[in-house]
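What follows is a set of notes on a single structure, which appears directly below.
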Amino acid sequence: MGQKRTLSGWLTNRYLLIIRSEENFAEKRTLTFNYARVILILTIGFFITLGLSVYMVTNILEQWLDPRHAQMMANRRVIDLSMRIDSLETAAASKDRYIQNIKLILDGADSIYVGGESSQVSPQNYTGDEVFSQTINPVDSQFRAEFENEDLGLINLVSEGTDEIRDMYLFPPVTGLISGLYDPANDHFGLDIVAKENEPIKAVADGVVVFSSWTLDGGYVIGIQHRGNLLSLYKHNSEILKNVGSFVSGGEIIAIIGNTGELTTGPHLHLELWFKGNPVDPEDFFTF
């Protein structure tokens, strides 16, 4: 009796495939194989074909054969664009409120806060008595009236709170001569520095540009918000080199000195520093 063949023997038994010429039976090629290798190759080919078929059905053929595909893709794009627009509107509204608040400071008006959100008062319609009568309780109003009636002038705002500014490394915005001192009693909340014509003005520290526009009094004005609730303003520029929303590094050129605006008597830089909403004397932090 012949030897009984097992499955493993059948799979691993090697065969020789000889390819000959039909004319003269000359040997052209020989191939050695076994059934295990053939089954493995067929299995791999099956899965590759299956994967390509699934990909074509779910991606390529769907675009060609499914009439709803274009509408579904359009709906997805509309939803994505709507979400982006909502986010941009929220960010733009927040930025507009902040910029309007800066404009009020530049125009000499006050910012009032209601319900934790900034509510601006138009400079054209601004009347201090009307606004504060609606937003300040009677006790605060009485204290304000008593304070204003006393001949105290403005409090010197360079106090212990400005130690946070002293801990920051500040760059002098320009090199020149001081022609106008910080005098809050006469509504002069900064320094006037005279420098060479077309002298570049530099940012005093890292920050984000929150105001970059023209004002009637200050001409071309740029404002930068720094860390620690510090705001720097640069007025009377001949040219502004940064836009709102731009991040600037300390010492980076942001404008060119000029003589723009009504409240100017010649080419110079009017520099203001505002710390936590109050003006401070820049001369305490810079050597020009």
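The values are calculated or read from the model by the stated rules, or taken from the named source; none is laboratory data. In this text, all values refer to a predicted model and were calculated from it rather than measured experimentally. All Cβ positions, even for glycine, are placed from backbone atoms using ideal geometry, and neighbour counts span all protein chains on display. The accessibility values were calculated without ligands, DNA or RNA, using every heavy atom of the protein model including side chains. Shrake-Rupley method; radii C 1.70, N 1.55, O 1.52, S 1.80 Å.
Take Gly218 and decide whether it is farther than 13 Å from Glu272 by Cα, surrounded by 12 or more Cβ atoms within 10 Å (Cβ to Cβ) and at pLDDT below 90. The answer is no for Gly218.
Listed conditions (1) assigned to a loop (DSSP other than H, G, I, E, B); (2) farther than 13 Å from Trp214 by Cα; (3) among the acidic types (Asp, Glu) are all met by Glu262, apart from (2).
Does at least one position in segment 200-209 carry a residue that is over 17 Å from Leu104 (Cα atoms), at pLDDT 90 or above, among the hydrophobic types (A, V, I, L, M, F, W, C) and not in a loop (DSSP other than H, G, I, E, B)? Within segment 200-209 (the criterion being over 17 Å from Leu104 (Cα atoms), at pLDDT 90 or above, among the hydrophobic types (A, V, I, L, M, F, W, C) and not in a loop (DSSP other than H, G, I, E, B)), the answer is yes, since at least one residue qualifies. Within segment 260-284, residues that are farther than 20 Å from Asn237 by Cβ sit with their Cβ atoms under 6 Å from residues that are assigned to a loop (DSSP other than H, G, I, E, B) and of a type in the set (A, V, I, L, M), at 6+ positions apart or across chains, in these pairs: Asn278/Leu157; Val280/Leu157; Val280/Val158; Asp281/Val158; Asp284/Val158.
Test Leu271 against the stated conditions and say whether it is touching a Pro at 6+ places or on another chain (Cβ under 6 Å) and either surrounded by 21 or more Cβ atoms within 10 Å (Cβ to Cβ) or more than 14 Å from Pro173 (Cα to Cα) (or both).
yes
Exactly one residue among Glu283, Glu197, Glu272 is farther than 25 Å from Lys95 by Cβ and either touching a helix residue (DSSP H, G or I) at 6+ places or on another chain (Cβ under 9 Å) or part of a loop (DSSP other than H, G, I, E, B) (or both), and that residue is Glu197.
Taking (1) under 23 Å from Arg97 (Cα atoms); (2) in contact with a Gly (Cβ under 9 Å, 6 or more places away or on another chain) in turn, Gly228 satisfies each apart from (2).
Residues of segment 227-268 that are open to solvent by less than 10 Å² (accessible area, probe 1.4 Å) and under 10 Å from Ala203 (Cβ atoms): Ser232, Tyr234, Val248, Ile254, Ala255.
Please verify whether segment 245-256 includes one or more residues that are within 23 Å of Lys95 (Cβ to Cβ), among the aliphatic types (A, V, I, L, M), in contact with an Asp or Glu (Cβ under 8 Å, 6 or more places away or on another chain) and not in a strand (DSSP E or B). No, every residue in segment 245-256 fails to be within 23 Å of Lys95 (Cβ to Cβ), among the aliphatic types (A, V, I, L, M), in contact with an Asp or Glu (Cβ under 8 Å, 6 or more places away or on another chain) and not in a strand (DSSP E or B).
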